[in-house]
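Trainee: This is the structure, below, for whatever I ask next.
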Amino acid sequence: MQRRAFFALIILLSLLTLFFESCASTPKEGGELLEREEKSESAEKNKKAKKKKVGRVKFSDESYNQAIKDADFDKGLGMIKALGSKANIAKMIDESLILYRSGYCEEADKKFEAATKALDDAFAKSIIQGAATTLFNENLKVYSGTLYEFLLVDAFAALNAYKMGDVELANSLLTRVYDKQKKYVSDYGELVLRSAEKDEASADSNGQSQADTEAALAMIGVSFHIPGDMPKKLTAAQMDSLIYKTSPMADYLQMVVGAQNGSYVDDFTVRELKSLVPQIETDSADLPYAKGRIEVLALTGTIAQRSQKTEWFVFDLLNYGEIVSTYCGYPNALKFKYVWPECLPQKDVVSVKRIYAQGEGRSLSKEPVLLEDFDKAARNDVALKARKAAWRSVWRSTSKKAAGLAGIVAAVKNDPTQGLVSVLAILAGAQGLRAIDLSETADIRQAQALPSKAWAAGFTLDPGTYTVTVEYSNGSKDIIENVKVVSRRPSLVESICAK
């Protein structure tokens, strides 16, 4: 009996212990929800300050290009991290943009600054030294960036600073874009036009010329004539129209961020923006009393990628050509490989259908304006460079391959019986010819993580709190709540849809 009473007491004490522990660990009504709300409010702030943790992924150009095209930014970032110190300026810009687009603002800010410094140094040197080319391969020269990357890296760094809440830093970065335009754009234009005035038959920066190529071909009994399928020659006026002179998005941001910062908005910036994008509203530059404004900037897609255009050109049949083609086992032995960059067409790029602003008893909507087409900037840059790149490929590839073929022909001439010596010489020479063709590649480097398009729309409103909705062509919607509008100041809202 005593034993039963003892066990009953033990069970009762255990139940009481479990009850009190349960009470202590259970929050008051709504406590768990409150905790989640607090975490939600601070999540974005913490994300901006934290480093993005991504594992390293083995890099290959093809996989990287596909990852960025598919907006798989984690995979792309992992590949950049795997490159380490081998990452070129284009990948440094991409790393900054991926972090910015993913919302890791403070880490992106540091990366933007490093990319800007490297790009500024390389671009300035390219202006001073001219467009240097290499005797062996286009990709062996240091990548110095494109003119649009040179200007846009600071524009996107300014957007990132604005997202961090540092309006003054954003304003100073946009001023830096304007200063760069004044300092380098005219110099770059002069360099391009001066280069265009040179006859393609004249020597390039490595001393190669049509005369050198003809001499190399003469060794194998071939006369040179211009390949037919080459990029068209542009007039000076056409080239000048293709040079990237300013960024409409940077002008737009300079107007909006400047007005929000309380700075005077330069009339020149407003006039330039209107000349570039006539449909854009510039109300933020001079808002009426007791009115504020919401400016919406929407970024879509990823920029058009570059590819290598390859043409195999056959000159007149070589002396001993039949023998060479019979024994060498390399189908392109008697062809000359010429390459240059081209811009791939974009397919199914997402666009913005409509933008809505609701609040304070009002509901407004507008079709956005195409503020800037970054694909066009890439296409124009390729068009500027393609012909020169193609001619460099002609001189380089023809001279090297003709010299390789000359060695084979000489060996065949010295062995009239066309015996083992000739066959071995052809087989050995064929490996050299294959290596020459493999080394002939176009320079298609660029920053890949820039958006394809920038869209804008604005609403002049009474002060208050509003909800902005951006409706995309792929059916998705981005809803931004609690947008504050204050008197005589614009509020910038950003939306991103990568795919």
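The values are calculated or read from the model by the stated rules, or taken from the named source; none is laboratory data. As the structure is a prediction and not an experimental result, all values here were calculated from the model. Note that we place each Cβ from the backbone using ideal geometry, even for glycine, and neighbour counts take in every protein chain shown. Calculation scope for accessible area: heavy atoms of the full protein, side chains included, ligands and nucleic acids excluded. Shrake-Rupley method; radii C 1.70, N 1.55, O 1.52, S 1.80 Å.
Trainee: Can you figure out the FRET efficiency of Phe268 with Ala218, using R₀ = 51 Å and their beta-carbon distance, to the nearest 0.05?
Mentor: That gives a FRET efficiency of 0.30.
Trainee: Shifting gears a bit: Per residue of the range 214-222, what does 6.51 cos²θ - 1.76 cosθ + 1.60 with θ = phi - 60° give for ³J(HN,Hα)? Whole Hz please, x for Gly and Pro, Karplus curve as stated.
Mentor: So the Karplus estimates, Gly and Pro as x, are 4, 5, 5, 5, 4, 5, 10, x, 10 Hz.
Trainee: Would you work out what percent of the accessible area of the range 421-499, with all protein chains in place, is carbon or sulfur (probe 1.4 Å)?
Mentor: 56 percent
Trainee: Pulled fully out, how much extra length does the chain show between Thr235 and Ala290, if you take 0.36 nm times their separation in residues and subtract their Cα-Cα distance?
Mentor: 14.6 nm
Trainee: Need the C-alpha centroid separation for the range 359-377 versus the range 435-499, integer Å.
Mentor: Cα centroid of the range 359-377 versus Cα centroid of the range 435-499: 10 Å apart.
Trainee: List the residues whose amide H sits under 5 Å from the amide H of Ile496, counting only those 5 or more places along or on another chain, with H placed 1.01 Å from N in the peptide plane.
Mentor: Residues meeting the criterion, in which the H sits 1.01 Å from N, are Leu299.
Trainee: Can you compute 3J(HN,Hα) from phi for each residue in the range 354-360, using the Karplus curve 6.51 cos²θ - 1.76 cosθ + 1.60 with θ = phi - 60°, rounded to whole Hz and x for Gly and Pro?
Mentor: Going residue by residue, I get 7, 10, 10, 10, 10, x, 6 Hz, with x marking Gly and Pro.
Trainee: Give a residue-ordered list of calculated ³J(HN,Hα) values for the range 235-245 (Karplus: 6.51 cos²θ - 1.76 cosθ + 1.60, θ = phi - 60°; whole Hz; x for Gly, Pro).
Mentor: 6, 4, 5, 5, 5, 4, 6, 8, 6, 6, 9
Trainee: Looking only at the range 360-399, which residues have a backbone nitrogen under 19 Å from a spot 7 Å from the Cα of Leu344 in the C-beta direction?
Mentor: Within reach of a label on Leu344, which here means backbone N under 19 Å from a point 7 Å along Cα→Cβ, the range 360-399 contributes 374-383, 386.
Trainee: Roughly how many percent of the accessible protein surface of the range 213-302 is carbon and sulfur, given a 1.4 Å probe and a whole-percent answer?
Mentor: 55 percent
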